[in-house]
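Data first, discussion second: the structure below is written as structure tokens.
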Amino acid sequence: MEQCHNRLKKGMDTWVLDADIKGAFDNISHQYLLETIGQIPGRELIKQWLKAGYVEAEIFNPTNSGTPQGGTISPLLANIALDGMEQLLSQHKKVKVYEYFEKKKGKYRKCRKKSDKYGFFSFAIKTKDRRGDGKIISMVRMSTIPIERWEKVKNNASPDDPELTAYWSKRQTKQGKTHWTKGSKLYRVADNQGWHCPICKEHLFNGEQLHTHHRIRVTDGGTDGEENLIHLHKTCHQLLHMSKQPLLQKA
């Protein structure tokens, strides 16, 4: 999304196409795919996977075309099959007049906008009352919706590269700071522990599910105060309760 925003902002692209191709995954040509990818390593494995078929109600069904919707490699194969569509569509450009509604001094007025950039983002729902007169019942301006952009991973950065530990830690912390409201109790708990799990020493936001643990159990008199709380990964939390050894320092 950030890349789309940057290109549109700089004028490198002037339109966005949002389309749904009916039966796309069901009808992708196996022959076309195999010819397009050429003699790459793993080509025969891809061919076997495409032709593997499936079993439903104890009946084997061959797959002569298409890729399984939801299959791990299907989106990649769909991108290969649709490669060149953007170039083809760029040859067909039309100017269209858009109608929208603008509010001024408490009243809505009908406006027209001529654009070949598809750059006007405003939505209104228009209906008719009992007299047949037009009526605006809802309006949303995209400019009023807060923008939260996902930061693009730089170059070919891999989380498995030991030289980029600081980069990934900073990135995960930035992500974590949007998980809880800034200044809230749970935000302060995470901040107090440096945004890391004290059991495994990994970053809290490494993709694992999080649990909030009471250092002193509520049944033993513990409170819900931030000094008695600590965030743990789900597996680390389970390990803590199963272990007979103390894995956490006392609060």
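The values are calculated or read from the model by the stated rules, or taken from the named source; none is laboratory data. Predicted, not measured: the structure shown is a model, and the values here were computed from it. Cβ placement follows ideal geometry from the backbone for every residue including glycine, while neighbour counts extend to all protein chains displayed. Note: accessible area is taken over every heavy atom of the protein model, side chains too, but ligands, DNA and RNA are not part of it. Shrake-Rupley method; radii C 1.70, N 1.55, O 1.52, S 1.80 Å.
Annotation note: of HIS196, HIS203, HIS179, the sole residue that is open to solvent by less than 30 Å² (accessible area, probe 1.4 Å) and either closer than 18 Å to THR235 by Cα or touching a residue at least 12 places away in the same chain (Cβ under 8 Å) (or both) is HIS203.
Cβ-Cβ distances below 8 Å connect the following pairs, each with a first residue in segment 8-21 that is part of a loop (DSSP other than H, G, I, E, B), a second residue that is among the aromatic types (Phe, Trp, Tyr), and a separation of six or more residues or different chains: THR14/TYR118; TRP15/TYR118; VAL16/TYR118.
Per the conditions (1) at pLDDT below 85; (2) among the β-branched types (Val, Ile, Thr); (3) not in a strand (DSSP E or B), the sole criterion not satisfied by ILE137 is (3).
Restricted to segment 140-158, and to residues there that are open to solvent by less than 90 Å² (accessible area, probe 1.4 Å) and not hydroxyl-bearing (Ser, Thr, Tyr), the residue that is modelled with the lowest pLDDT is VAL140.
Scanning segment 18-31 for residues that are closer than 19 Å to LEU89 by Cβ and open to solvent by less than 100 Å² (accessible area, probe 1.4 Å) yields ALA19, ILE21, ALA24, ILE28.
The rows are residues; the columns are (1) free of Cβ contacts under 8 Å to residues at least 60 places away in the same chain; (2) charged (D, E, K, R); (3) open to solvent by 30 Å² or more (accessible area, probe 1.4 Å).
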| residue | (1), (2), (3) |
| --- | --- |
| LEU33 | yes, no, no |
| LYS47 | yes, yes, yes |
| TYR54 | yes, no, yes |
| GLU58 | yes, yes, yes |
| GLY66 | yes, no, no |
| GLY71 | yes, no, no |
| LEU76 | yes, no, yes |
| MET85 | yes, no, yes |
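Filtering segment 216-232 to residues that are open to solvent by less than 80 Å² (accessible area, probe 1.4 Å) and not acidic (Asp, Glu) leaves GLY221, GLY222, THR223, GLY225, ASN228, LEU229, ILE230, HIS231, LEU232.
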